[in-house]
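Visitor: Structure incoming, see below.
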Amino acid sequence: MKKVVFWGTRGSLPIALTADAVRHKVMAALTAANGRRFASRSELADFVDGLPFATAGTFGGHSSCVEIVTGGPEHIICDMGSGARPLAQAKLAAYGAARPQVYHVFISHLHWDHLMGFPFFLPMYIPGNRIVIHGCHDRLEEAMRLQMRAPCFPVDYSQAGATIEYHAMTPGQPHAVAGLTVTPHRQLHAGDSYGYRFAGQGRCVVYSTDSEHKLEDNGERQGFIEFFQAADLVVFDAMYSLAEAVSVKADWGHSSNVVGVELCQAAGARRLALFHHEPVNDDEQLGRLLDETRRFEAITREGRAPLEIISAYDGLVVDL
Amino acid sequence: MEDQRVTLLPVRVVGGVTVAAARGRLDHLTAGALGAALAPLLAGCKAGSPALLLDLSAVDYMSSLGLRTLVVASRQAAAQGGRFAVAGMQPLVAEIFAIARLNLVMPCYVDVDGACAQLA
């Protein structure tokens, strides 16, 4: 595995920047410039690159879709949220319609925010492509078809030009897919969700979203420590604060940055990506959350090797 | 397996407030023991009864499960019409509290005396 590309990182519902939010960023940038003049475009670019991410960028608003790039001929995708649309555009730009591709799609669960990009995943309409949809839910194919049924969508699933196959996976059992060993892990979420551990080529990536952790269940905790063990990257559902996750939003099926850090520390993971961002959190809030999470990791490290903390955003590429 | 590295010191009454003091690490190994020690105090934390204050000044570490134990205590007290608060956190514990946003879901006081003055 060479890298991970985040195409959609927002939880529950896609969002977009508002005009007011863009205006706020422009004002923040001009305030930071403080009347400075730039001699060249590169000097201006350097200035912009030095601004806080919440000012110069955005975490984005597409729902869950993450690509694992192996360097091999087949594509690995986790979830089909709305981020699948820009992913599809990138694949078409890279390969066109004349070069058939194989896509392996791993579905965490059947909630709409994790499936809604599939009707916009253009490779499904191109004859010659092969799409293998992997998952642990009995009703996986039914759910994929359901959202493309009238009156919900104008193009029926039967119009797909690609060959679409389904592969039922068994939790806890390793599966060989595209040169990787992929192991699903059952997670606590309404209707169940499944995380996936991808291992191969000397690297390990864990995709674990829409997963609530019952802190009082030590067996569950130990299971996740094993699932995350020595991972190079853990993509983790950090939608809520810990206080929310154990009080007013208990049983809502999501977790927190604090629990993500603790599990990754216990597992000896190398890097944690905060993921499935709460839609009401704006870029500044997510930026503060990242800073606080890094601080939490530092003050609770206790002699362990540092855990690198990042916050996933749409378009982020992580080299493994 | 739980151990006893967290201690709940003898309970005292300060200005009409029931004060219990914890000591040590409050983590995955010890949170259960603290929860068990708090249970009888929480049972009596009802409407019209003295507020229950947990003195954390001798707690030097708190994990997510320790934090959850306090949220559960706070919610139980509130459900019974009682009042539960914490006080005296060391700077590192206070920082963990803030990062976890626990300071938004339960009253937190700088020290026991100030808390008792407010809660009495």
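Visitor: Scanning the stretch A:119-131 for residues that are in contact with a Phe, Trp or Tyr (Cβ under 9 Å, 6 or more places away or on another chain) and without any contact (Cβ under 8 Å) to a residue 40 or more places away in the chain, which turns out nearest to A:LEU92 (Cα to Cα)?
Guide: Quick first cut of the stretch A:119-131, residues in contact with a Phe, Trp or Tyr (Cβ under 9 Å, 6 or more places away or on another chain) only: A:119, A:121, A:123-124, A:129-131.
Among the residues that remain, those that are also without any contact (Cβ under 8 Å) to a residue 40 or more places away in the chain are: A:119, A:123, A:129-131.
Values: A:PRO119: 15, A:PRO123: 7, A:ASN129: 11, A:ARG130: 14, A:ILE131: 14 Å.
Of everything passing the filter in the stretch A:119-131, A:PRO123 is nearest to A:LEU92 (Cα to Cα).
Visitor: Please tell me if A:ALA16 is without any contact (Cβ under 8 Å) to a residue 60 or more places away in the chain and farther than 26 Å from A:HIS254 by Cα.
Guide: no
Visitor: So A:VAL280 ticks every box in (1) within 9 Å of another protein chain (Cβ to nearest Cβ); (2) surrounded by fewer than 21 Cβ atoms within 10 Å (Cβ to Cβ); (3) among the β-branched types (Val, Ile, Thr) but one. Which box is left unticked?
Guide: (1)
Visitor: If A:SER256 satisfies every condition in (1) crowded, with 22+ Cβ neighbours inside 10 Å; (2) of a type in the set (Gly, Ala, Ser); (3) out of contact with any Phe, Trp or Tyr (no Cβ under 8 Å at 6 or more places or on another chain) but one, which is the exception?
Guide: Just one mismatch for A:SER256, condition (3).
Visitor: Working only within the stretch A:223-247, note down all residues that are part of a helix (DSSP H, G or I) and farther than 10 Å from A:ALA267 by Cβ.
Guide: Of everything in the stretch A:223-247, those that are part of a helix (DSSP H, G or I) and farther than 10 Å from A:ALA267 by Cβ turn out to be A:GLY223, A:LEU242, A:ALA243, A:GLU244, A:ALA245.
Visitor: Yes or no: the stretch A:227-238 includes at least one residue that is surrounded by 20 or more Cβ atoms within 10 Å (Cβ to Cβ), closer than 22 Å to B:ILE96 by Cα and within 14 Å of another protein chain (Cβ to nearest Cβ).
Guide: Yes, the conditions are met somewhere in the stretch A:227-238.
Visitor: Here's a follow-up. Could you say whether any residue in the stretch A:201-220 is of a type in the set (Gly, Ala, Ser), within 14 Å of chain B (Cβ to nearest Cβ) and more than 21 Å from the chain's Cα centre (by Cα)?
Guide: Step one: of the stretch A:201-220, the residues of a type in the set (Gly, Ala, Ser) are A:202, A:208, A:211, A:219.
When the remaining residues are screened for being within 14 Å of chain B (Cβ to nearest Cβ), the result is A:219.
When the remaining residues are screened for being more than 21 Å from the chain's Cα centre (by Cα), the result is A:219.
Within the stretch A:201-220 (the criterion being of a type in the set (Gly, Ala, Ser), within 14 Å of chain B (Cβ to nearest Cβ) and more than 21 Å from the chain's Cα centre (by Cα)), the answer is yes, since at least one residue qualifies.
Visitor: Out of (1) more than 10 Å from chain B (Cβ to nearest Cβ); (2) surrounded by fewer than 20 Cβ atoms within 10 Å (Cβ to Cβ), the odd one out for A:ALA266 is which?
Guide: Condition not satisfied by A:ALA266: (1).
Visitor: Restricting to the stretch A:204-222, count the residues that are surrounded by fewer than 24 Cβ atoms within 10 Å (Cβ to Cβ) and not in a loop (DSSP other than H, G, I, E, B).
Guide: The qualifying residues number 6.
Visitor: Now for a separate question. Considering only the stretch B:78-97, I want to know if a residue exists there that is touching a Lys or Arg at 6+ places or on another chain (Cβ under 9 Å), among the hydrophobic types (A, V, I, L, M, F, W, C) and under 24 Å from A:ARG294 (Cα atoms). Give the derivation first.
Guide: To start, the set of residues in the stretch B:78-97 that are touching a Lys or Arg at 6+ places or on another chain (Cβ under 9 Å) comprises B:80-82, B:84, B:95.
Narrowing the set further to residues that are among the hydrophobic types (A, V, I, L, M, F, W, C) leaves B:84.
Within this subset, residues satisfying the condition of being under 24 Å from A:ARG294 (Cα atoms) are none.
Scanning the stretch B:78-97, I find no residue that is touching a Lys or Arg at 6+ places or on another chain (Cβ under 9 Å), among the hydrophobic types (A, V, I, L, M, F, W, C) and under 24 Å from A:ARG294 (Cα atoms), so the answer is no.
Visitor: Another question, if that's okay. Looking only at the stretch A:139-172, how many residues end up being touching a residue at least 24 places away in the same chain (Cβ under 8 Å), of a type outside the set (Gly, Ala, Ser) and either outside any strand (DSSP E or B) or under 17 Å from A:ASP79 (Cβ atoms) (or both)?
Guide: Within the stretch A:139-172, the first condition is being touching a residue at least 24 places away in the same chain (Cβ under 8 Å), and the residues that meet it are A:139-141, A:143-144, A:147-148, A:153, A:155, A:159-171.
Narrowing the set further to residues that are of a type outside the set (Gly, Ala, Ser) leaves A:139-141, A:144, A:147-148, A:153, A:155, A:159, A:163-167, A:169-171.
Next, from what is left, pick out any that are either outside any strand (DSSP E or B) or under 17 Å from A:ASP79 (Cβ atoms) (or both): A:139-141, A:144, A:147-148, A:153, A:155, A:159, A:164, A:166-167, A:169-171.
Number satisfying all stated conditions: 15.
Visitor: Which of the residues that make up the stretch A:306-320 are more than 17 Å from the chain's Cα centre (by Cα) and either surrounded by 18 or more Cβ atoms within 10 Å (Cβ to Cβ) or modelled with pLDDT under 95 (or both)?
Guide: A:LEU307
The values are calculated or read from the model by the stated rules, or taken from the named source; none is laboratory data. This one's a predicted model, so the numbers in the text were calculated from it and none came from an experiment. Neighbour counts run over all protein chains shown; Cβ positions are idealised from the backbone, glycine included.
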